[in-house]
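Below is one structure, written out as structure tokens; the observations come after it.
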Amino acid sequence: MTLTARPTRPQLGAIAQLWRNVRVQRAIFQLAFAVFIIWLVYILITNLTDELAKIDLEAFPFVERSGDFPFVKVHLDFLGQRAGFGIKETSFGFDYSANDRYADAYVVGVLNMLRVALIGIVLATVLGLVAGIARLSPNWLVSKIATVYVETFRNVPLLVQLIFWYTAVVLQAPPIGEAIHALGAIMSVKGVALPAANATDGFGLWSVFLAVALVAAIGVWLNRARRQQRTGRASYPWWSAAGTFVVIAAGGFILAGTPLAIDRPQVEGTSYAGGVQISPEFAAVLIALVVYTGTFIAEIVRGSILAIPKGQTEAAAAVGLNPIQRLRFVILPQALRIIMPPLTNQYLNLTKNSSLAVFVAYPDLFQVSRVTVNQTGQAVPIVILLLLTYLTMSLLTSLIMNVINSRLKVPSS
Amino acid sequence: MAVNATASSRTPVAGAARWAHENLFSSVANSVLTVGSIALMAFLVYQVGRFVLVSADWQVVETNRRLFFIGRFPDAELWRVWVIVYMVSGLAGVTLGLWSRLPWLAWPVLGLALVPVFLFIGGGEVALLTAGSVALFTLAYLAARTWAVRGRSLSLARNIALVSWLLSFAVTMYLLSAVDSRLWGGLLLTMILAVVGIVASFPFGVLLALGRASTFPVIRIFCTVYIEVMRGVPLVIVLFMAFFFLPLMLEADRSMLGLPVTGIDLDVVQRAMIALTMFSAAYVAEIVRGGLQIVPRGQVEAAEALGLGTARILGLIVLPQALRAVIPALVGQFISLFKDTSLVLIMGLTELLAAARIVTAQQDFIGKQAESLLFVALIYWLIAFSMSRASQRLEQTLGVGER
């Protein structure tokens, strides 16, 4: 039997071959998309430059054409200029005055934001943990109180809460002439002043003792923990370590000649002198952030505890653990894995929400940037700097939490 | 959940005493907690109650009702707002009637809830008009219920209702555009910003999510960068940038090749809407992305084997499942968007929260921040809480998590 020749397809012309090639189609589509986006950005940027030029401002004063490669020079000279505005409070002992540069003002903003964010994260986590566990308490009253707390503060906008705490609570404190004195602390409408401990002579010597105490405590802990694992007899590693640390630190304190002086705050005229001062703005921002974020963390904690199979609780009870031990040894370790991703989200949210401090004039990053923009008119570079700062923080936090997350993951077989 | 091992002969047997024993006093620690909680509650309730009922001066809220609810909307144009209110009540009644059945308990509860509302409104025209809209809502619900039970083509009616919602949105915008947007304020502005933000960010968010999952690298990179940037930055900054830069970028009269390219005049409210939409779209995209990952890949492969094109696969198979799976998270995001409208304060817009501050800046009402802010907080709370309750009911109706 003869094989009939298969009908030959007409050969496509060169262009038609290209046109019908899927990969070529995809490439063309993406090229068109990219061109469109680039064209759009070009239009927007040139508009921006033209409009700013009309009011005598350069849109991108920090970029210049230069003769040699890479044809642009970036210089942020305005950041080196004298700032000329004061900032009410700084963090971590950073000194700033109106004679410092804009760059310093920016750093102060970043530090202020970090201070409120870090303290806020710690407090909000504690509050959220307590509230989340309380919502699951068998005590009806406690669980109802926690529910009311979560439902109330979750549904009111953060800004409303912030302004409420600031104007209706913090600013209603007694004026400084009638400040409340308690346990060495002073509270008034100017904020809270707490006694601080200042280092005097011999602090260096004592820090050596502290380091030794820390090393010794770790050594004791390791020793005891291993012994406990090996022999099964209770050896109280944490208590022993803590005791070792306290003894060596206290001994060193006395031997170094008590190198700490208590700095009691005083009221001088219309402000405080000495001690650690907490401004009303900081207090309001902190309280609002902690209370608001605490509700979300409480929901996350509650959700993750509920996600643990009930059998674990029952088995733990059958083995004889009391409720607190059940939480500590069985439930929470497993819940931690589930809590981590949404918890990092909440930490990020708290840090970003700290930018609301601009509404109560707490000098955080956004507030400082606004003042700088007002004074220098360099809106574009400062906004870009702002975006980069926040993005870096978000990425860093995500990275750290991803690392922690991968450590906590159940190893897949 | 607590395994209560020891029930001695002293355990009360009957009703309330037994409940109290089990839930409040089951152990020493529990009893201490209960006593402490009661003390805390008593203290808080006393302080709050004393403030609300005795020392607060609610005159500030009474007198400034208008500012809180509609800002500086001109009197002559108030009829537009009423038309919108009636339209929404009617549509809401029809929607409820066509889709669900209210338990008979809902009516007395509604009646009871309206009592403080009418007390607040006082008398006069406003009360009459409000009563009218409630009546319209009830009538619409009854009519829709009757149709749903007895009439034909329920699905046609439902489709008409959906289209009507979209139309009403357009009608609202048209009606309101006649009034200068700088005069919009109070709860009216908050609701407009929230609704526009929600309605606009949803399709954009879905598109972004699909783009992020796309096989085209250019599109994928663009969408990923956009989403990550928007999620990494606080909303205040996006609003600030929109306020500052959008007019500079878009208002120049520029034409290329003889065709006008930009030259759009944006007023402040429009800039706020754009900023809110762009910001929320990124969050919606992340949520929808999670939903897309839930759809089993086998479904897409089977659809491709059947010869369905990408658009059909997405529209008929992937998106319905993906979106249904993430409804709780989506509603949560919309509630957040509603709360975030308070941030447009930074652009100088007088939405609800700004109205509260303006009220207390007036000569007669200077020290009354607490009352005014509490009132505003109450309004926000009522709306957000209803939304979250409605979402829970929606989850139940759709059987989320059960299939």
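Readers should treat all values here as calculations from the given coordinates under stated rules, not as data from a laboratory. Quick caveat: nothing in here was measured; it's all calculated off a predicted structure. Note: ideal-geometry Cβ built from the backbone for every residue, glycine included; neighbour counts use all protein chains shown.
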Report summary line: log10 I(q)/I(0) for the protein assembly as shown, Debye formula on C-alpha points only (no solvent), q = 0.05, 0.07, 0.11 Å⁻¹, two decimals, reads -0.36, -0.71, -1.67
Query - Sequence-distant residues sharing a close amide H with A:L260 (under 5 Å, placed H) - result: A:T200
Requested in this report: With a length cut of 20 Å (Cα positions projected on each helix's long axis) and a Kyte-Doolittle mean of at least -1.0, go through chain A and give me the DSSP H helices that pass.
Outcome: A:22-54, A:102-135, A:140-154, A:203-231, A:237-255, A:280-307, A:332-353, A:379-408
**Report entry** Within the protein assembly as shown, helix-based [θ] at 222 nm, where runs of 4 or more DSSP H residues each add -39,500 (n - 2.57), nearest 500
**Finding:** -22000 deg cm²/dmol
Report summary line: For chain A the mean separation of alpha carbon contacts under 8 Å (6+ apart) over residue count, i.e. relative contact order in percent, is 19
Report summary line: Mean Cβ-within-10 Å packing, highest first, puts peptides A:171-180, A:151-160 in the order A:151-160, A:171-180
Query raised in the report: So how compact is chain B: Cα radius of gyration and Dmax in angstrom?
Result: 26.0, 95
Requested in this report: Name the residues whose placed amide hydrogens come within less than 5 Å of the amide hydrogen of A:R101, ignoring near sequence neighbours (fewer than 5 apart) on the same chain.
Outcome: A:A83
**Report entry** Note, ³J(HN,Hα) from phi for region B:161-170, Karplus 6.51, -1.76, 1.60, rounded to Hz, x at Gly and Pro
**Finding:** 4, 4, 4, 4, 4, 4, 4, 4, 4, 4
Report summary line: Taking placed amide H atoms and a strict 5 Å upper bound, the residues 5 or more places from A:S91 or on another chain that come that close are A:N112
Report task. Take the alpha carbon gyration tensor of chain A, find the square roots of its eigenvalues, order them as a ≥ b ≥ c, and report rounded if a/c is under 1.5; if not, report prolate when a/b exceeds b/c, else oblate. Result -> oblate
Query raised in the report: Which entries of A:K190/B:K368; A:K310/B:K339; A:K54/B:K339; A:K144/A:K190; A:K88/A:K352 show an alpha-carbon separation above 32 angstrom in the structure shown?
Result: A:K310/B:K339; A:K54/B:K339; A:K144/A:K190
Requested in this report: In whole Hz, with x marking every Gly and Pro, tabulate ³J(HN,Hα) for region B:181-195 from phi via Karplus 6.51 cos²θ - 1.76 cosθ + 1.60, θ = phi - 60°.
Outcome: 5, 6, 8, 5, x, x, 4, 4, 5, 4, 5, 4, 4, 5, 5
**Report entry** HN-Hα J in Hz across region B:69-82 - Karplus 6.51, -1.76, 1.60, θ = phi - 60°, x for Gly and Pro
**Finding:** 8, 10, x, 9, 4, x, 4, 5, 9, 4, 4, 4, 4, 5
Report task. Under a 10 Å cutoff between Cα atoms, tell me which one of A:V169, A:V24, A:V126 has the largest fluctuation in the Gaussian network model of chain A. Result -> A:V24
Query raised in the report: At what distance in angstrom do the alpha carbon centres of region B:180-194 and region A:372-411 lie from each other?
Result: 33
Query raised in the report: By its C-alpha gyration tensor, with a ≥ b ≥ c as the square roots of the eigenvalues, how is region A:198-338 shaped: rounded for a/c under 1.5, else prolate for a/b larger than b/c, else oblate?
Result: oblate
Requested in this report: Quantify how strongly other chains surround peptide A:160-166 by giving the mean number of their Cβ atoms within 10 Å of each of its Cβ atoms.
Outcome: 5
